[in-house]
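Asker: Submitted below is the structure of interest, expressed as structure tokens.
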Number of protein chains: 2
Amino acid sequence: MNGHVLRTAARADAGAMLELLRSVSIEGDTLPFRDQVDGHFIDSQWLGAAGCVLAYQNGFLLGMYRYGPNMPGRGSHIATATFIVAKAFRGRGLGRILVQDCLEQVRLSGFRAMQFNQVVATNRAALSLYRSMGFMKVGTIPDAFAHPQDGYVAAYVMYVDLCRPG
Amino acid sequence: MNGHVLRTAARADAGAMLELLRSVSIEGDTLPFRDQVDGHFIDSQWLGAAGCVLAYQNGFLLGMYRYGPNMPGRGSHIATATFIVAKAFRGRGLGRILVQDCLEQVRLSGFRAMQFNQVVATNRAALSLYRSMGFMKVGTIPDAFAHPQDGYVAAYVMYVDLCRPG
């Protein structure tokens, strides 16, 4: 994966972000979002996140991530994040680049750990990527995700400690 | 526990709800909320929830719960909920009454399961109550909660299936 640029999202990106998020929502097998994906959702959940970073190449939005505290107050030292890679650009290592960048940002922001609340059990690419980056499976929610082909499938809670030296 | 009334929350209850939520936030050992507990928080997170029910006795707010979907879209068939009992009224069975009422409401609303995302590992009363009502521990998040006395403690993800006959 070469020639791409990572940069913080800005309001002018909202249209491209909405298009990318809609395309992944229509695929329907990785993220829960459905009919609530609109401009307001981009504003509040993505541009309004603690951090939101985009990967562009030749003016085309390849992928993006957002992060922020997983819980308020006494749970706010653990971050959570969402990652999206456009279908045409998968399998080239961009997911790993985005997760690595996000983990750095999250660590620099002072979070102590990162947690994913809903990694769909059938999403092998994500599971394999997260495991290879030190995430552990710390929970299994039965029938958590209404998969468009497979019906109700489990989802995993995954976690990585960011304070451990090394 | 006798003489109490359960009813849906209304705007006129906001002041009493805020007072109860603040008192539990100050205790600090069960719920994550800290400085974000204000009128806007009551409006959006409690009065604005899919369901919000209060327990009153002689004009005094004893406890309350809220519920709603734990995730959007493809995860919205699982409910989550928050329960609060005023300190002076604990140990009398009100927690069980609230959870039972909530499970009925959630089942009637068509949810397929209920999930708690952060049951603090030191909160024995809640753990024991939820277990006795069929909730299973499906995940353990290390150091998830900044406990005011015990430092970082684990939290459990708990789950009950509402579709199983019986």
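The values are calculated or read from the model by the stated rules, or taken from the named source; none is laboratory data. If you're wondering where the values come from, they're calculated on a predicted model, not measured in any experiment. Backbone-built Cβ (ideal geometry, glycine too); neighbour counts: all protein chains shown. Accessible surface is based on the protein model in full, side chains and every heavy atom, while ligands, DNA and RNA are left aside. Shrake-Rupley method; radii C 1.70, N 1.55, O 1.52, S 1.80 Å.
Asker: Leaving ligands and nucleic acids out of the surface, order B:Glu104, A:Glu19 by accessible area at 1.4 Å, largest first. Don't skip to the end; give the middle numbers.
Answerer: Numbers: B:Glu104 105, A:Glu19 135 Å².
Solvent-accessible surface, decreasing: A:Glu19, B:Glu104.
Asker: Normalised by the number of residues in the range A:82-166, what is the relative contact order in percent for Cα pairs under 8 Å and 6+ residues apart? Write down the numbers at each step before the final one.
Answerer: Numbers: 102 pairs, mean separation 25.7, N = 85.
About 30 percent, as a whole number.
Asker: Skipping prolines and chain starts, which residues have an amide H placed within reach, meaning under 5 Å, of the one on B:Ala154, given they are 5 or more residues away or on another chain?
Answerer: Under 5 Å from the amide H of B:Ala154: B:Ala121, B:Asp143, B:Ala144.
Asker: When all protein chains stay in place, what accessible area (Å², nearest 10, 1.4 Å probe) is found for B:Lys87?
Answerer: Answer for B:Lys87: close to 140 Å² accessible.
Asker: Related question: Give me, ordered by chain and number, the residues 5 or more places off B:Gly51 or on other chains with an amide H under 5 Å from its own placed amide H.
Answerer: B:Tyr67
Asker: Just read off the accessible area of B:Thr30 with the full protein assembly in place, 1.4 Å probe, to the nearest 10 Å².
Answerer: 40
Asker: Averaged over B:21-31, how many beta carbons belonging to a partner chain fall within 10 Å of each residue's beta carbon?
Answerer: On the way: counts 0, 0, 0, 0, 2, 0, 0, 2, 1, 1, 5.
Mean number of neighbouring Cβ atoms from other chains: 1.
Asker: Pop out the ³J(HN,Hα) list for the range A:66-81 in order, Karplus 6.51 cos²θ - 1.76 cosθ + 1.60 with θ = phi - 60°, rounded to Hz; leave Gly and Pro as x.
Answerer: 9, 9, x, x, 6, 9, x, x, 6, x, 7, 7, 10, 8, 10, 7
Asker: Could you report the buried accessible area between A and B, both sides summed, computed with a 1.4 Å probe and given in Å² to the nearest 100? Present the calculation step by step, with values, prior to reporting the outcome.
Answerer: Working: alone 9030 and 9030 Å², together 15460 Å².
Its buried surface, counting both partners, is about 2600 Å².
Asker: Name the long-range amide H neighbours of A:Asn70: under 5 Å, sequence gap of 5 or more, or other chain; modelled H, no Pro or chain starts.
Answerer: Correct list: A:Ile78, A:Ala79, A:Thr80.
Asker: Now for a separate question. In nm, give the distance between the simple-model label positions of B:Glu19 and B:Asp35, each being 7 Å from the Cα along the Cα-to-Cβ direction.
Answerer: Between B:Glu19 and B:Asp35, the simple spin-label model gives 2.6 nm.
Asker: Taking the label point as lying 7 angstrom from Cα along the Cα-to-Cβ axis, what are the distances from B:Phe60 to the corresponding position in the remaining copies, in ascending order and in nanometres?
Answerer: From this label point to the equivalent ones elsewhere in the assembly: 6.7 nm.
Asker: Determine ³J(HN,Hα), in whole Hz, for all residues of the range B:103-119 in sequence, where each value follows from phi through the Karplus function 6.51 cos²θ - 1.76 cosθ + 1.60 and θ = phi - 60°; x replaces Gly and Pro.
Answerer: 4, 5, 4, 5, 5, 4, 7, x, 5, 9, 6, 10, 9, 9, 8, 8, 8
Asker: For the range B:113-166 and the range A:1-70, write down the distance between their C-alpha centroids in whole Å.
Answerer: Computed from Cα coordinates, the inter-centre distance equals 32 Å.
Asker: If you don't mind, another one. Could you work out which residue, out of A:Gly134, A:Gly59, A:Gly28, moves most in a Gaussian network model of chain A, that is, has the largest mean-square fluctuation with Cα springs under 10 Å?
Answerer: In this elastic network of chain A, the residue with the biggest mean-square fluctuation among A:Gly134, A:Gly59, A:Gly28 is A:Gly59.
Asker: Show which aspartates and glutamates lie in cross-link reach of A:Lys137 when reach means a straight Cα distance below 19 angstrom and same-chain residues fewer than eight apart are skipped.
Answerer: A:Asp161, B:Asp143
Asker: While we're on this one: A:Arg96 versus B:Asp101, label points 7 Å from Cα toward the beta carbon: distance in nm?
Answerer: Taking the two extended label points, one gets 5.4 nm.
Asker: For chain A, set up a Gaussian network in which alpha carbons nearer than 10 Å are linked by springs, and say which option among A:Ala144, A:Ala55, A:Ala81 fluctuates the most.
Answerer: So, out of A:Ala144, A:Ala55, A:Ala81, the one fluctuating most is A:Ala144.
Asker: Related question: Need one number: nm distance between label points at B:Asp43 and B:Gln149, each 7 Å from Cα along Cα→Cβ, rounded to one decimal.
Answerer: 3.7
Asker: Between A:Cys163 and B:Thr140, take the C-beta separation as r, use R0 = 22 Å, and let me know the FRET efficiency to the nearest 0.05. Let's see the in-between values first.
Answerer: On the way: r = 18 Å, r/R0 = 0.80.
Approximately 0.80, to the nearest 0.05.
Asker: How high is the FRET efficiency from B:Ala88 to B:Arg131, r the C-beta distance, R0 25 Å, rounded to 0.05?
Answerer: On the way: r = 25 Å, r/R0 = 1.00.
Computed FRET efficiency for B:Ala88 and B:Arg131 comes out at 0.50.
Asker: What residue among A:Asn58, A:Asn117, A:Asn70 shows peak mean-square fluctuation when chain A is described by a Gaussian network model with Cα springs under 10 Å?
Answerer: A:Asn58
Asker: Under the definition of Cα pairs under 8 Å and six or more residues apart, what whole-number percent is the relative contact order of chain A? Walk me through the intermediate numbers first.
Answerer: On the way: 266 pairs, mean separation 29.7, N = 166.
Over chain A, the number comes to 18 percent.
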